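The values are calculated or read from the model by the stated rules, or taken from the named source; none is laboratory data. None of these values were measured; they are calculated from a predicted model. Quick reminder, even Gly has a Cβ in these numbers, built from the backbone with ideal geometry, and neighbours come from all protein chains shown.
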């Protein structure tokens with residue numbers, strides 16, 4: 001345990017810092033508010049396209065998460081190291097005998113907990129509300145969805161820490177993070193459909209690009225919960241189901257973003273270690 | 001002991017440190033002077049393992065601050081010129097110092113009392129919301145309570161009133177024995193009773209280094 005003493009120290013101070021911050025408050029209010037709004041507006045009682053109750057709520061929540069979760073994570077965490085560097089906090093905190101890996105990964109784990117807590121809190125709120133109202137709980141969907149969100153969080157946190165280690169100022173970090181988010185969103189559909197219609201590349205390449213985009217993987221993983229044949233995405237479904245199979249794709253949708261996020265976190269750590277700290 | 005050998009630090013094409021050689025031994029208290037941009041802060045940050053040297057090496061009690069940073073930094077108590085806006089409460093910051101470097105918590109409280117900082121009344125306040133003088137006093141108490149054999153003070157009294165400065169230097173008298181003290185300051189007269197070596201830097205080079 002002594003070996004992890006400083007890792008836990010940084011992890012705990014990061015969580016304390018986050019819990020006091022305005023971004024955490026607004027983050028919690030947004031996600032908690034969305035779920036509360038769903039209940040108030042009667043989403044769980046409505047029946048649209050065959051989905052009702054908590055399944056319907058989770059379906060809408062997923063659509064919202066695709067758009068706002070990545071940018072929320074990027075904006076609120078991409079400045080973690082850059083801000084400490086900018087304000088000389090890093091100079092002081094790292095004048096203590098703390099290993100750089102303990103500092104970096106302590107911060108990473110602290111932010112992972114603080115960006116995950118509000119969403120899990122909102123989902124648990126939905127669950128409690130649903131159970132209290134006597135709505136049937138789709139446990140399989142619920143737990144798989146929690147896994148998908150966790151994977152997306154690890155993924156974007158990895159991107160965030162990678163950017164934060166590379167850039168010198170907070171402004172640049174924010175700019176790069178915003179560009180990354182736009183690029184990943186654009187590569188979900190717009191650009192790829194454009195490439196396909198213009199025949200710039202063959203379909204397999206386009207599908208491979210799509211499946212290397214963690215946002216697209218999250219989206220497809222989420223759709224597969226409600227539409228196992230992926231009928232809603234059209235002919236691309238054949239490529240995915242023929243090459244992956246349903247079960248493997250479900251695992252891929254969780255494992256791939258986590259692995260990608262961890263790779264970027266490690267690359268971020270290497271950059272952090274090899275460069276001037278302040 | 002701090003051994004700085006052939007140290008050069010470049011930022012792009014700009015040389016901030018140019019082949020600096022310095023040796024600090026126990027019982028030495030040195031003041032490093034020089035104009036803005038002379039390389040004083042770059043030197044201190046490199047000693048603290050925060051800037052990677054372009055050339056040359058540093059050893060702190062035989063430890064390399066880049067490859068063995070924990071062992072090297074255990075020996076150093078550092079007070080920065082401007083207290084950074086740390087978003088921790090005073091209590092959390094003390095906890096950070098105690099856990100990471102084994103500082104004695106009781107000693108931090110005692111030193112704060114000596115420095116006339118009422119710690120109990122401010123324990124739950126956020127560090128960055130304290131006044132400049134209070135922040136500086138707390139950082140001084142934390143550095144001293146660590147009881148290292150090397151102290152690095154970068155303009156440590158910049159935010160202190162005359163009485164605060166007087167108390168600080170009187171406390172410091174207890175710590176001079178068998179230690180290394182490095183002051184970065186523009187005011188030799190303030191530390192002349194403590195220092196026994198004067199180093200002047202200009203354009204990244206040591207241009208004066210003598211016992212006083």
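Observations on the model:
- Only one of the listed residues (B:144, B:123, B:115) is out of contact with any strand residue (DSSP E or B) (no Cβ under 6 Å at 6 or more places or on another chain), more than 9 Å from chain A (Cβ to nearest Cβ), over 15 Å from residue A:93 (Cβ atoms) and crowded, with 23+ Cβ neighbours inside 10 Å. That residue is B:144.
- Residues within the range A:123-149 that are without any contact (Cβ under 8 Å) to a residue 40 or more places away in the chain and surrounded by 15 or more Cβ atoms within 10 Å (Cβ to Cβ), tallied: 1
- Scanning the range A:52-90 for residues that are within 13 Å of another protein chain (Cβ to nearest Cβ), out of contact with any helix residue (DSSP H, G or I) (no Cβ under 7 Å at 6 or more places or on another chain) and either in a helix (DSSP H, G or I) or closer than 30 Å to residue A:227 by Cβ (or both) turns up A:85, A:89.
- Residue under evaluation residue B:108, criteria (1) touching a helix residue (DSSP H, G or I) at 6+ places or on another chain (Cβ under 9 Å); (2) closer than 24 Å to residue A:83 by Cα; (3) at pLDDT 95 or above, criterion not met: (2)
- Here residue A:14 fulfils each of the conditions (1) within 14 Å of chain B (Cβ to nearest Cβ); (2) without any contact (Cβ under 8 Å) to a residue 12 or more places away in the chain apart from (2).
- Qualifying position, being free of Cβ contacts under 8 Å to residues at least 40 places away in the same chain and either more than 12 Å from chain B (Cβ to nearest Cβ) or touching a strand residue (DSSP E or B) at 6+ places or on another chain (Cβ under 9 Å) (or both), among A:104, A:108, A:120: A:120
- Restricting B:137, B:198 to residues that are within 17 Å of the chain's Cα centre (by Cα) and closer than 18 Å to residue B:89 by Cβ narrows the list to B:137.
- Conditions (1) within 17 Å of the chain's Cα centre (by Cα); (2) surrounded by 17 or more Cβ atoms within 10 Å (Cβ to Cβ); (3) under 22 Å from residue A:122 (Cα atoms); (4) at pLDDT 85 or above: number failed by residue A:23: (2)
- Of all residues assigned to the range B:68-83, at least one qualifies as being free of Cβ contacts under 8 Å to residues at least 12 places away in the same chain, closer than 30 Å to residue A:19 by Cβ, at the interface with chain A (Cβ under 10 Å from one of its Cβ atoms) and over 16 Å from the mean Cα position of the chain (by Cα).
- Residues in the range A:91-101 that are part of a helix (DSSP H, G or I) and in contact (Cβ under 8 Å) with a residue 12 or more places away in the chain: A:91, A:100, A:101.
- Scanning the range B:23-36 for residues that are farther than 18 Å from residue B:75 by Cα and in contact (Cβ under 8 Å) with a residue 60 or more places away in the chain yields B:31, B:32, B:33, B:34, B:35.
- The single residue among B:120, B:75 that is under 22 Å from residue B:180 (Cα atoms) and at pLDDT below 95 turns out to be B:75.
- Inclusion of residue B:89 among residues that are at the interface with chain A (Cβ under 9 Å from one of its Cβ atoms), free of Cβ contacts under 8 Å to residues at least 12 places away in the same chain and buried (at least 18 other Cβ atoms within 10 Å of the Cβ) is not warranted.
- Residues located in the range B:35-59, provided they are within 17 Å of residue B:8 (Cα to Cα) and more than 14 Å from the chain's Cα centre (by Cα): B:37, B:38, B:39, B:51, B:52, B:53, B:54, B:55, B:56, B:57, B:58, B:59
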